[in-house]
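Below: the structure, in structure tokens.
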Amino acid sequence: MQDPIRTRCDDGILEVVVDRPKANAIDLETSRKMGLIFRDFRDNPDLRVAIVTGAGEKFFSAGWDLKAAAAGDAVDGDYGVGGFGGLQELRDLNKPVICAVNGICCGGGLEIALSADLIIAAPHATFALPEIRSGTVADAASIKLPKRIPYHIAMDMLLTGRWLNVEEAHRWGFVNEIVVADRLMDRAWELARLLASGPPLVYAAIKEIVREAEGTTFQTAMNKITKRQFATVDILYSSEDQLEGARAFAEKRAPIWKGK
């Protein structure tokens with residue numbers, strides 16, 4: 001039986017490909033497998049950046065596997081560590097994740113994309129939250145999407161299930177770049193290599209600050225930074241990399257990041 005998730009690693013970059021024909025839909029077993037993969041990515045110091053995409057040219061992912069649900073998979077079942085698709089609720093993921101959308105991205109597939117830090121998409125990519133039509137709620141998207149794009153556009157998607165083409169998705173700001181289809185993965189790897197060459201401790205601090213600041217006031221978050229109450233900030237401010245950055249700037253050379 002074909003493995004529903006393919007991975008490869010190169011120079012600190014992890015590529016994760018959802019490969020479940022025809023629509024790359026995700027059942028409970030596949031979600032649990034993805035959770036283990038992204039947990040290991042989070043915990044492996046040799047891995048710095050992840051790319052997630054779908055196999056084929058038509059679907060990124062149709063999200064929740066309704067056929068599996070009809071066969072007994074519970075919508076509130078055990079999705080595994082990290083929640084649906086392994087990313088939505090994965091705690092302390094302080095490394096960059098790039099999503100390369102190669103086609104239809106809907107329902108839980110869009111929710112996985114929204115869990116990434118950068119989203120690039122092919123010109124034929126389309127986006128929707130059709131859960132309303134199957135009598136359920138796009139739970140993660142209901143929380144995240146109104147914070148990423150204008151409220152009324154997010155509510156339009158949630159309440160009507162309408163489709164957005166890639167140009168509109170880019171215009172509203174939840175797609176970073178539109179990339180010609182045959183260069184999509186090349187561009188994803190270009191971005192990943194750029195990020196992998198950067199300071200991992202700074203990335204970790206950025207991700208923790210952004211994540212934690214979402215639920216608090218500006219001044220509270222600033223106070224936690226200046227008092228080194230974020231674990232990643234405390235590590236960064238005491239690190240060799242912090243000194244290396246200053247030295248490299250003073251010496252007019254490229255810094256050598258060690259992640260410690």
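Any residue in segment 126-142 that's at negative phi: show its pairings with residues that are charged (D, E, K, R) and open to solvent by 40 Å² or more (accessible area, probe 1.4 Å) at Cβ separation under 8 Å, as long as the two are six or more apart or on different chains.
Listed pairs, sorted by first residue: ALA128/ARG162.
Within segment 215-260, can you find the residues that are surrounded by 14 or more Cβ atoms within 10 Å (Cβ to Cβ) and more than 16 Å from LEU201 (Cβ to Cβ)?
Once the filter is applied, which keeps residues that are surrounded by 14 or more Cβ atoms within 10 Å (Cβ to Cβ) and more than 16 Å from LEU201 (Cβ to Cβ), segment 215-260 yields ALA221, LYS224.
Looking at segment 142-182, which of the residues that are open to solvent by 90 Å² or more (accessible area, probe 1.4 Å) and of a type outside the set (A, V, I, L, M, F, W, C) is farthest from GLN88 (Cα to Cα)? So that I can check it myself, show each step before the final result.
Filtering segment 142-182 for residues open to solvent by 90 Å² or more (accessible area, probe 1.4 Å) gives 143, 147-148, 151-152, 159, 163, 167, 171, 182.
Those left that are additionally of a type outside the set (A, V, I, L, M, F, W, C): 147-148, 151-152, 167, 171, 182.
Working: LYS147: 15, ARG148: 15, TYR151: 21, HIS152: 23, GLU167: 25, ARG171: 24, ASP182: 28 Å.
So the residue we want is ASP182.
Scan segment 165-181 for residues that are in contact with a helix residue (DSSP H, G or I) (Cβ under 6 Å, 6 or more places away or on another chain) and either at pLDDT below 95 or not assigned by the TED database to the domain that holds GLU111 (or both) and jot them down. Don't jump to the end; show me each part of the working.
Within segment 165-181, the first condition is being in contact with a helix residue (DSSP H, G or I) (Cβ under 6 Å, 6 or more places away or on another chain), and the residues that meet it are 172, 174-175, 178-179.
Listed by number, the list holds a single entry, PHE174.
Among the residues of segment 31-51 satisfying the criterion of being of a type in the set (Gly, Ala, Ser) and in a helix (DSSP H, G or I), which is nearest to GLY259 (Cα to Cα)? Give the steps one after another, and end with the answer.
Residues of segment 31-51 that are of a type in the set (Gly, Ala, Ser), as a first pass: 31, 35, 50.
Those left that are additionally in a helix (DSSP H, G or I): 31, 35.
Details: SER31: 30, GLY35: 24 Å.
It comes out as GLY35.
Please determine, by comparing only the residues of segment 57-89 that are closer than 21 Å to PRO21 by Cα and among the acidic types (Asp, Glu), which one is most open to solvent (accessible area, probe 1.4 Å).
Taking the candidates together, the pick is GLU57.
Any chance segment 207-225 includes a residue that's without any contact (Cβ under 8 Å) to a residue 12 or more places away in the chain, within 21 Å of LEU243 (Cα to Cα) and not assigned by the TED database to the domain that holds ASP10? Quick ask: steps written out before the conclusion?
Of segment 207-225, the ones without any contact (Cβ under 8 Å) to a residue 12 or more places away in the chain are 210-211, 213, 215-220, 222-223.
Of the ones still in play, those that are also within 21 Å of LEU243 (Cα to Cα) are none.
Within segment 207-225 (the criterion being without any contact (Cβ under 8 Å) to a residue 12 or more places away in the chain, within 21 Å of LEU243 (Cα to Cα) and not assigned by the TED database to the domain that holds ASP10), the answer is no, since none of the residues qualifies.
So, in segment 229-251, of the ones that are part of a loop (DSSP other than H, G, I, E, B) and at pLDDT 85 or above, which residue ends up nearest to LEU195 (Cα to Cα)?
To start, the set of residues in segment 229-251 that are part of a loop (DSSP other than H, G, I, E, B) comprises 229-230, 238-239, 251.
Now drop any that are not at pLDDT 85 or above, which leaves 229-230, 238-239.
Numbers: GLN229: 25, PHE230: 22, SER238: 22, SER239: 19 Å.
My answer is SER239.
Name the residues in segment 90-105 that are in contact (Cβ under 8 Å) with a residue 40 or more places away in the chain and either assigned to a helix (DSSP H, G or I) or open to solvent by 10 Å² or more (accessible area, probe 1.4 Å) (or both), would you?
LEU90, ASP92, LEU93, ASN94, LYS95, PRO96, ASN102, ILE104
The values are calculated or read from the model by the stated rules, or taken from the named source; none is laboratory data. This structure is a prediction, so every number in the text was calculated from the model and none was measured. As a convention, Cβ positions derive from the backbone with ideal geometry for all residues, glycine included, and neighbour counts pool all protein chains shown. All accessible areas refer to the heavy atoms of the entire protein, side chains included, with ligands and DNA or RNA removed. Shrake-Rupley method; radii C 1.70, N 1.55, O 1.52, S 1.80 Å.
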